[in-house]
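One structure is given here, and the rest of the page talks about it.
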Amino acid sequence: MGRNLQSDERLRPVDLARGHGLSTQAVRNYEEAGILPAARRTAHGYRTYTRLHARALRAFLALVPGHGHPTASSIMRAVNQGADDEAFRLIDESHAQLLDDRRTLAAVECALRGLERTAASQPETASHSGTASHSGIASRSGTASRPDGTFIGPLSERLGIRPATLRTWERAGLVRPRRDPRTGYRVYDEADVRDVRLAHQLRRGGYLLEQIAPLIAQVRAAGGLEPLEAALGDWRGRLSARGRAMLTGAAELDAYLRERG
């Protein structure tokens with residue numbers, strides 16, 4: 001059964017705040033957001049909290065590193081509204097996302113191994129002069145393919161990346177397609193597609209454009225993929241830290257649920 005709150009030690013907002021390195025306003029904001037149960041009020045309107053509120057705050061702060069602030073907030077609101085199943089669903093979604101991110105990392109590592117094998121077994125592909133037949137150009141839309149490369153439309157459809165995103169990555173230096181001499185359209189060769197794929201996977205891993213650009217530049221300059229090894233190791237470490245944080249958050253949430261009764 002739950003603890004008899006009337007017999008619990010009364011805590012002021014400052015007591016909760018000091019124990020967790022927060023401001024008293026942050027504690028009030030958490031209560032107003034439903035992250036903490038509603039506080040009792042004194043005859044003069046002052047908030048009073050209990051050890052149950054302290055446990056709720058501890059659970060929330062433990063959930064944030066693994067699930068992120070928005071999801072952790074939603075989990076606590078669901079619990080405090082008595083919708084435990086909704087809270088568990090949100091937790092399951094976070095675990096599913098972590099698993100998907102692990103699979104993404106594995107896919108990147110597999111792709112890199114494949115790229116390394118290709119680089120070792122094949123000479124660098126010579127650049128095309130752009131004089132090949134243009135029969136593949138269907139209209140002025142710039143979305144058709146050509147024999148010596150791919151235009152932005154087909155590439156975006158094949159990889160599931162919006163053309164606007166590919167243009168943004170080009171401005172950031174992640175990819176450097178040449179221009180078709182007749183139409184001025186962007187043409188992506190095999191090396192460009194490799195860079196796009198790597199950029200896409202690293203973005204999914206949480207890397208910023210300014211972090212990805214020098215990695216791809218080093219790959220181009222060095223003719224190899226070794227510079228990405230450190231980034232992938234860091235990515236793997238962050239995924240492990242997230243998994244560990246989820247365990248810690250689950251333990252604290254379980255303690256809160258048990259005390260709440």
Within the range 159-196, can you find the residues that are of a type outside the set (Asp, Glu) and over 25 Å from residue 211 (Cα atoms)? 179, 181, 182, 183, 184, 185
Per-region count, the range 64-115, residues within 11 Å of residue 249 (Cβ to Cβ) and more than 16 Å from the chain's Cα centre (by Cα): 2
Exactly one of 39, 17 is in the same structural domain as residue 77 (by TED's automatic domain parsing), surrounded by 13 or more Cβ atoms within 10 Å (Cβ to Cβ) and at pLDDT below 90, and that residue is 39
If we ask which residues in the range 137-182 are surrounded by 15 or more Cβ atoms within 10 Å (Cβ to Cβ) and either more than 29 Å from residue 207 (Cβ to Cβ) or modelled with pLDDT under 50 (or both), their number turns out to be 8
Right, residue 55: of a type in the set (Lys, Arg), buried (at least 17 other Cβ atoms within 10 Å of the Cβ) and within 17 Å of residue 253 (Cβ to Cβ) or not? yes
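The values are calculated or read from the model by the stated rules, or taken from the named source; none is laboratory data. What you are looking at is a predicted structure, and each value in this text was computed from that prediction instead of being measured. Using ideal geometry, Cβ is built from the backbone for each residue, glycine included, and neighbour counts are taken over all protein chains shown.
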